[in-house]
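Enquirer: I'd like to ask you about the structure that follows.
The values are calculated or read from the model by the stated rules, or taken from the named source; none is laboratory data. The model shown is predicted, which means the values in this text are computed figures rather than measured ones. Here the Cβ positions follow ideal geometry from the backbone for every residue, glycine too, while neighbour counts run over all protein chains shown. Heads up: the accessible areas ignore ligands, DNA and RNA and are worked out on the full protein's heavy atoms, side chains in. Shrake-Rupley method; radii C 1.70, N 1.55, O 1.52, S 1.80 Å.
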Amino acid sequence: MRQKNLNQDQSLKPLNLNLTDHFWFMRSAIEEAEKAWKGGEVPIGALIVDDNGVVISRAHNLKESVSNPCGHAEIIAIQEAAKKKADWRLTDCTLYVTLEPCPMCLSAIGQARIKQVIFGAYDSKGGAISLGYPLHKDLRLNHRFGMMGGVLHFECSRILSQFFKERRPLKSNASQNA
């Protein structure tokens, strides 16, 4: 099955991966999200895969543990991939992430020249595309890339919902005891 390329620049060609490959890589990103959850972080996981299907970096959110607002899974995965490749240009790479990237991450993805992004759950409150910032296909920018959302959407959104459901009673109890 051929993926839908949402990019207006038709010169970009999607990876020759089928949907089964996307599911496999997204499940690996979900494993990273589970690591974040175990560490008390919002469970978002990401990985970067090259054109040969080799995973070159894996990451999960570390915002809380490193007290860094830029500690998003996508940013960390980009940094690790660039370091491993010894090049900031990740033009032969696809980023898989369990949640739709925020505007900061979508901008970083463009700066890294990533070829395409595959994400799981849509994020109506913080996702760049859902908020109306389609930076990936903005013809005014010097790099455009493909995006496909909703891959294993249910599984990706379920882990986030469960995490926040568990956290809410903790916040409610803390505010009642104050």
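Enquirer: With respect to S130, is the statement that it is touching a residue at least 24 places away in the same chain (Cβ under 8 Å), closer than 20 Å to G45 by Cβ and in a helix (DSSP H, G or I) true? Quick ask: steps written out before the conclusion?
Expert: Details: touching a residue at least 24 places away in the same chain (Cβ under 8 Å): yes; closer than 20 Å to G45 by Cβ: yes; in a helix (DSSP H, G or I): no.
So S130 fails the test.
Enquirer: Looking at segment 128-146, is at least one residue touching a His at 6+ places or on another chain (Cβ under 9 Å), crowded, with 16+ Cβ neighbours inside 10 Å and among the small types (G, A, S)?
Expert: Checking segment 128-146: at least one residue is touching a His at 6+ places or on another chain (Cβ under 9 Å), crowded, with 16+ Cβ neighbours inside 10 Å and among the small types (G, A, S).
Enquirer: Look through segment 154-177, keep the residues that are among the aliphatic types (A, V, I, L, M) and at pLDDT 90 or above, and return whichever of them is surrounded by the most Cβ atoms within 10 Å (Cβ to Cβ).
Expert: Per the stated criteria, the residue is I159.
Enquirer: When you go through S28, S67 one by one, which is the residue that is in contact with a Leu (Cβ under 8 Å, 6 or more places away or on another chain) and at pLDDT 95 or above?
Expert: Sole residue among the options that is in contact with a Leu (Cβ under 8 Å, 6 or more places away or on another chain) and at pLDDT 95 or above: S28.
Enquirer: Among the residues of segment 45-57, write down those that are in contact with a Leu (Cβ under 9 Å, 6 or more places away or on another chain) and open to solvent by 60 Å² or more (accessible area, probe 1.4 Å).
Expert: D51
Enquirer: Taking the condition in a loop (DSSP other than H, G, I, E, B), under 19 Å from L152 (Cα atoms), open to solvent by 20 Å² or more (accessible area, probe 1.4 Å) and not aromatic (F, W, Y), does V42 pass?
Expert: In short, yes.
Enquirer: Restricting to segment 61-89, name every residue that is open to solvent by 30 Å² or more (accessible area, probe 1.4 Å), under 16 Å from L106 (Cα atoms), not hydrophobic (A, V, I, L, M, F, W, C) and not in a helix (DSSP H, G or I).
Expert: Hits for segment 61-89 are P69, H72, R89.
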